[in-house]
Amino acid sequence: MLLKNTRKIINKGIGFVMKALPVIVPALLVISTNSTASPINGQPTPPASIKKYRKF
């Protein structure tokens with residue numbers, strides 16, 4: 001009984017993570033890009049290839 005309930009919880013958790021992954025990955029990519037291409041890090045102008053990831 002406990003094993004069956006644990007499997008249900010794990011399957012629901014995996015399903016939630018798989019649904020959230022397409023939202024989380026682009027957000028992390030934009031955050032990483034914005035922090036890398038900043039004047040503080042010595043790159044005052046971002047490269048042209050970054051524009052396809054940024055939506056603003």
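Just how large is the dipole of the chain about the Cα centre, in debye to the nearest 20, putting +1 at every Lys and Arg Cβ and -1 at every Asp and Glu Cβ?
The calculation lands at about 380 debye.
Taking θ = phi - 60°, what integer Hz values does the Karplus form 6.51 cos²θ - 1.76 cosθ + 1.60 yield along segment 18-24, in sequence order, with x for Gly and Pro?
Once θ is set to phi - 60°, the couplings for segment 18-24 become 5, 6, 7, 4, x, 8, 6 Hz.
Taking 0.36 nm per residue of sequence separation and subtracting the Cα-Cα distance, how much length would be gained by fully extending the chain between S32 and M1, in nm to one decimal?
6.8 nm
Tally up the carbon and sulfur contribution to the accessible surface of the chain as a whole percent, 1.4 Å probe, everything protein left in place.
Within the chain, the accessible surface is 71 percent carbon and sulfur.
Give me the log10 of I(q) over I(0) for the chain at q = 0.18, 0.20, 0.22, 0.31 Å⁻¹, as the Debye formula computes it from C-alpha points; what are the numbers?
-0.68, -0.76, -0.84, -1.14
What whole-number value in Å² describes the accessible area per residue of the chain for a 1.4 Å probe?
90 Å²
The values are calculated or read from the model by the stated rules, or taken from the named source; none is laboratory data. From a predicted model like this one, the values you see are computed outputs, not experimental measurements. Don't worry about glycine lacking a Cβ; one is built from the backbone with ideal geometry, like all the others, and counts go over all protein chains shown. Side chains included, ligands, DNA and RNA excluded: accessible areas come from the protein's heavy atoms. Shrake-Rupley method; radii C 1.70, N 1.55, O 1.52, S 1.80 Å.
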